[in-house]
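Single-structure report; data block below.
Every number here is computed from the coordinates shown, using simple stated rules; none is lab data. A quick note: this is a predicted structure, and the numbers were derived from the prediction, not measured. Cβ atoms come from the backbone with ideal geometry, glycine included; neighbour counts cover every protein chain shown.
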Amino acid sequence: MPSTRTHAPRGALVFDMRQLGRQAGSALTQTRTVPAPGDLRLELIGVPVGTDVALEVRFEAVSEGVLATGTAIAPLAGECARCLAPVSSSVTVGFQELYLYAEGRHDRHDKHDRHDKHDRHEKHDEQDEQDAEELYYLDGDLLDLEPAFRDAVVLALPMSPLCREDCPGLCAECGVPLADAGPGHQHEAAADPRWAALRQLGSTEDDNHQDRRAGAIDLQEG
């Protein structure tokens, strides 16, 4: 039996489709400002929980369910991938998802079971299994938009956010932000330890040479 995505209603991102009805071709557009749900983030940046997200969604009734097409604008907060300075911006995403009527779930499962009896030993196509896992269904007249909204926002987040496009990053020696340190920031080259013994030997030879020279002068004077 193919697995399906089902989600319990979660409030702000749940829409009542009774006004839309089931007449194919009917449409309904709704706008909302909703609080951002949790876990909308990557390692360095994300949407702060509870912040206002502007949402506009067009719902269209089709024969098998409701087609939801939406746009969302969400605030972002995080840190620069180069210098770790705070970063704040926003992201605009678009998404489209088909939500099937709940009764269609049983029809699909029955067809799958009948097919499975005749082809029990056939290998299932991996892509078909993946597609089955991505199905969404209405919960009666309720449509939970959060899964589609969440997927769209997370996929749009930058992997390496920057405080500015030409951010020079941090100094590899002292860790200071190079943008604050200025173009003249530099460090003396560290001495190569491989030359330390040679310099010490040269210093010893110079001391010996000076001692021999002093001895020669004493002999001449004597």
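Once amide H atoms are built 1.01 Å from N in the peptide plane, which residues 5 or more positions from Leu162, or in another chain, come under 5 Å H to H?
Excluding prolines and chain starts, which carry no amide H, the hits are Ala81.
At 7 Å along Cα-to-Cβ for each site, give me the label-to-label distance between Ser88 and Thr69 in nm.
3.5 nm
Name the long-range amide H neighbours of Leu76: under 5 Å, sequence gap of 5 or more, or other chain; modelled H, no Pro or chain starts.
It is Ser89, Ser90, Val91, by chain and number.
What would the Debye equation give as log₁₀ I(q)/I(0) for segment 1-100 at q = 0.20, 0.21, 0.23 Å⁻¹, counting only Cα atoms as equal point scatterers?
Relative scattering, expressed as log10 I(q)/I(0), comes to -1.06, -1.12, -1.23.
Highest first, please rank the peptides 167-180, 57-70 by the mean number of other Cβ atoms sitting within 10 Å of their residues.
Values: 167-180: 13.6, 57-70: 17.8.
Top of the packing list down: 57-70, 167-180.
Where Lys and Arg each count +1 and Asp and Glu each count -1, what net charge lies around Leu55 among other residues with Cβ under 12 Å from its Cβ?
Values: positive: Arg32, Arg58; negative: Asp52, Glu56, Glu146.
So the environment of Leu55 carries a net charge of -1.
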